[in-house]
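Below: one structure, written as structure tokens.
The values are calculated or read from the model by the stated rules, or taken from the named source; none is laboratory data. Computed from a prediction, not measured in an experiment: that's the story for all the values here. Note that each Cβ is placed from the backbone with ideal geometry, even for glycine, and that neighbours are counted across all protein chains shown.
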Amino acid sequence: MGKSRFIELMAKCLDKSASAEELKELECFLEEHPHLKKMHDVTYALKTGSSPSDANLQDEDINTKLDALWVNIKNTENTPQHNDKKIIPIRRYLKWVAGAAAILVIGVLSITFYSRTVNKGNTLLAAVNLKIDVPYGQMVKLTLPDGSKVRLNAGSHFGYPATFTGTRREVTLDGEGFFEVTKDAQKPFLVHTAGLTVKVLGTVFNVRAYKHDKKAEATLFKGKVQIELTGDPDRKIVLAPREKLTVLNDAAPANHIPNAHKEVAKLKYELSVLPVVDNDEYQENAWLENKLVFTNTEFEDVAVSMERKYKVRFVFEDEALKKEQLSGVLQDENLESALFILKQITSFQSKVADNTVYISRLNK
Amino acid sequence: MGIAELLHRIQHNGDESALNELYREQYLKLYQYAYSFLGEKEPAEEILQDVFLKIWIGRHKLPVIKNVQVYLYVAIKNACLNNIRSQNSRKLNEEYVSDAYYFQLTPDPSQLLISKQLHSNILRAVDGLPTKCKLIFKMVKEDGLSCNEVAQILELSPKTVFAQLAIALKKLESTIK
């Protein structure tokens with residue numbers, strides 16, 4: 001009845017390699033010695049708990065991660081493998097031609113058929129544009145064929161070619177993206193959005209240009225960029241680091257633009273310099289860390305950002321509240337506590353139903 | 001559905017729902033395992049995404065896998081070591097397993113018929129075990145791996161793993177007595 005025998009039996013039991021006799025023997029031990037029974041129970045009650053990491057993941061978190069995984073997979077599958085090329089000796093090469101031709105015919109036929117059945121961009125031709133639509137409540141990280149890195153915020157639509165051919169690297173964006181562009185002086189990198197085009201050689205910058213927002217913004221963090229306004233192609237604006245360009249968006253629904261703005265439409269854009277802050281935390285790149293930062297931002301603009309982050313819709317039942325100016329930082333809060341925090345700043349009441357947040361004035 | 005069967009469906013049928021199921025079932029323990037190497041949330045998550053991505057993309061080329069569970073742990077481990085190596089070659093010493101696991105007792109103390117004092121003593125004892133010992137205890141008890149599987153993953157002999165497990169149990173036993 002040695003203690004070490006008991007330990008051995010316990011270990012075997014955990015290992016699930018204990019035989020029936022051994023289990024019986026263990027049971028005897030447990031019955032005879034209450035403290036061993038206690039130790040046995042404690043062992044089974046032990047669990048690794050919420051360590052500094054977030055060990056207790058919710059199902060939702062896993063689902064979000066799973067969605068992101070599929071976005072990544074589709075993305076990788078859509079990028080042709082450049083490194084699969086093999087050099088085939090000439091003599092053998094001829095043998096392949098006939099086969100290749102046949103495959104090509106089948107390939108073309110099936111592509112035609114495929115693209116007819118599924119209305120998705122096909123992937124075999126380098127010139128083909130790939131498209132990424134980021135759902136609300138998610139972000140996507142992307143590496144472009146030239147090695148440039150892009151992070152796309154929720155609700156963005158991004159288009160880029162499978163390989164960059166020609167003398168320019170051109171991509172399109174409706175939404176918000178943080179770009180780290182690989183340097184290539186021979187091939188400028190162009191980001192086309194509805195309101196503006198950003199042209200760079202190799203830099204780090206953020207573009208926020210959702211088609212339906214009131215304004216589009218480009219902020220430069222490193223290097224140098226040149227911006228062209230769609231409405232005024234001859235005007236070229238060069239940004240230095242920490243400078244931000246804000247352009248009023250003509251494409252936004254008219255009722256969003258107060259008349260005053262229309263009259264000064266000739267002004268069209270505004271250049272501002274970001275204040276120097278510690279550790280590079282700006283309103284413009286805060287979203288990368290899942291933060292929303294507002295400084296004197298109108299409530300309706302805050303709501304638009306929150307709609308994207310929290311996958312909800314905001315309805316204002318009181319027009320005046322839309323213009324309320326808010327400042328603050330939201331980070332890991334869920335929707336409820338985010339609304340609670342906003343209520344500390346300005347008084348309103350909210351009701352959440354069916355993924356819709358109704359904002360109304362506090363009646364008192 | 002067994003994990004081997006899930007992988008089979010991924011490999012031969014290109015079954016997307018099988019990957020979903022595999023992911024859901026394995027995420028937490030693999031994440032914790034990766035975290036124990038890296039000690040940081042973001043890279044650990046990225047490594048997990050990457051391993052699953054590679055399984056899907058390379059599903060036609062996967063070798064014959066005898067033990068899928070061990071395969072996944074080893075894949076995570078290799079990816080973590082590569083990550084650490086690329087970050088900082090000096091860091092790659094024996095102490096690569098960080099102190100990431102903290103234990104707690106699930107039912108409340110009264111149910112276990114132990115005092116508050118004993119409760120905290122137990123936790124202190126378990127959490128104070130050497131990291132490798134803790135890791136083995138966790139993998140056998142919680143992740144449902146056998147000593148042999150843990151041995152394969154950690155590249156130790158099965159005897160060592162069993163001995164480490166016994167050390168953890170002895171510690172518990174002596175705390176409770």
For this session: Output yes when any residue across region A:280-296 is more than 16 Å from the chain's Cα centre (by Cα), assigned to a loop (DSSP other than H, G, I, E, B) and over 27 Å from A:F205 (Cα atoms), and no when none is.
Result: no
For this session: Quick one: in region B:135-173, of everything that is in contact (Cβ under 8 Å) with a residue 40 or more places away in the chain and over 18 Å from the mean Cα position of the chain (by Cα), which residue is nearest to the other protein chains (Cβ to nearest Cβ)?
Result: B:L172
For this session: Residue by residue through region B:56-66, note down the ones that are within 10 Å of chain A (Cβ to nearest Cβ) and either within 19 Å of the chain's Cα centre (by Cα) or surrounded by fewer than 17 Cβ atoms within 10 Å (Cβ to Cβ) (or both).
Result: B:I57
Problem set entry | Single residue of region A:210-234 satisfying the filter (more than 19 Å from the chain's Cα centre (by Cα) and within 14 Å of A:E176 (Cα to Cα)) that is modelled with the lowest pLDDT | A:K214
Exercise. If you take the residues in region A:188-204 that are touching a Gly at 6+ places or on another chain (Cβ under 8 Å) and modelled with pLDDT under 90, which one is nearest to A:Y136 (Cα to Cα)?
Worked result: A:G195
Problem set entry | Count of region A:31-44 residues which are more than 7 Å from every other protein chain (Cβ to nearest Cβ) and crowded, with 18+ Cβ neighbours inside 10 Å | 2
For this session: Please go through region A:162-216 and pick out each residue that is under 20 Å from A:K131 (Cβ atoms), assigned to a strand (DSSP E or B) and among the polar types (S, T, N, Q).
Result: A:T172, A:T197
For this session: Out of B:Y23, B:Y31, B:Y27, B:Y35, report the one residue that is surrounded by 17 or more Cβ atoms within 10 Å (Cβ to Cβ) and either in the same structural domain as B:M139 (by TED's automatic domain parsing) or touching a Ser or Thr at 6+ places or on another chain (Cβ under 7 Å) (or both).
Result: B:Y35
